[in-house]
1. Can you work out the Karplus-derived ³J(HN,Hα) for every residue in the range 164-181? Use 6.51 cos²θ - 1.76 cosθ + 1.60 with θ = phi - 60°, whole Hz, and x for glycine or proline.
2. For Thr158, Thr11, what ranking results if the residue with the fewest other Cβ atoms within 10 Å of its Cβ goes first?
3. What is the range 1-127's relative contact order, in percent, from Cα pairs under 8 angstrom and six or more apart in sequence?
4. Quick one: order Val37, Val25 by neighbouring beta-carbon count within 10 Å, fewest to most.
5. Suppose we keep just the DSSP beta bridges with both residues in the chain; what percent of those would be antiparallel, to 5?
6. What share of all Cα pairs of the chain, in percent, falls into each consecutive 10 Å distance bin?
7. Work out from phi, with θ = phi - 60° and the Karplus expression 6.51 cos²θ - 1.76 cosθ + 1.60, the ³J(HN,Hα) of each residue of the range 120-130, listed in order in whole Hz, and give x for Gly and Pro.
8. Go through the range 80-90 residue by residue and turn each phi into a ³J(HN,Hα) via Karplus (6.51, -1.76, 1.60, θ = phi - 60°); whole Hz please, and just put x for glycine and proline.
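Quick note: the coordinates plus some simple rules give every number you see, no bench work behind them. Keep in mind that what you see is a predicted model, and the values were worked out from it rather than measured. Backbone-built Cβ (ideal geometry, glycine too); neighbour counts: all protein chains shown.
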Amino acid sequence: MERIVIGRTSTIIKEACVESYHEAVEAFSNGADRLEVCSRLDLDGLTPDKMIVEKIIQKVNLPVKVMIRPRGGDFNYTNTEIHKMCQDIKYFKDLSLDGIVIGVLDSNYKIDMSNLLKLCEKAFPLKITFHKAIDQTNNIIQEVRKLSQIKKIHSILTSGGKPNANLGKEIIKSLIKTFSTDIDFIVAGSITSDNFDMIHKLIGANEYHGKNIVGKKPYPIT
């Protein structure tokens, strides 16, 4: 198929999380404003296949972010795993990405600042989103404050430290009120096309994220 041309503007950004080219095209056709590409959503998202990312970038004219996560489980990585993440970032930097999505914690569920800064340096000048690892920290406000002071971190993906955005809405609103002049927030956590209007009315954020955030209306793939 020919490259799909984006032709819309929106003050509210709906970021669709996709695992395949088919899902990327479907998300575009249903109104997504941006894509996050990953694999293994059953493990909450891992680094995607490079060929899939290349095809999406070539064919679908939406901003694309890529998850950099070498395995499932916790976010406390070994030196070998950090090295692998740096290698993946180096590869994806050569593509026309909008940014990457990363998150690293230490054994005390605080942000691993040393390794985070290493990954940020490798990713520069790509935009960087710190993902929902932030929701597993032991003091989300304290850890968000740290991220807000890192100029290379552009946004935080969060459900407010709760299982979903609805349950975390008060914390999310507090984070936005306190830190939004320094960093952007992307609200996540069980947000779908069915409950989006309700969630947006409750939280009033500018950016939202979800696998089913724009629904599943079929689109012919060629």
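1. Result, ordered by residue: 8, 5, 4, 5, x, 4, 5, 5, 4, 4, 5, 4, 4, 4, 7, 10, 5, 6 Hz.
2. Neighbour counts put them in this order, fewest first: Thr11, Thr158.
3. Values: 191 pairs, mean separation 26.4, N = 127.
Relative CO of the range 1-127 lands at 21 percent.
4. Details: Val37 27, Val25 21.
Lowest count first: Val25, Val37.
5. Working: 2 of 30 bridges.
Close to 5 percent.
6. P(r) for the chain, in whole percents per bin: 8, 36, 38, 17, 2.
7. Calculated HN-Hα couplings, in order: 4, 5, 5, 7, 3, x, 4, 5, 10, 10, 8 Hz.
8. Per residue, the Karplus-derived 3J(HN,Hα) values read 5, 5, 5, 4, 5, 4, 5, 5, 5, 4, 4 Hz.
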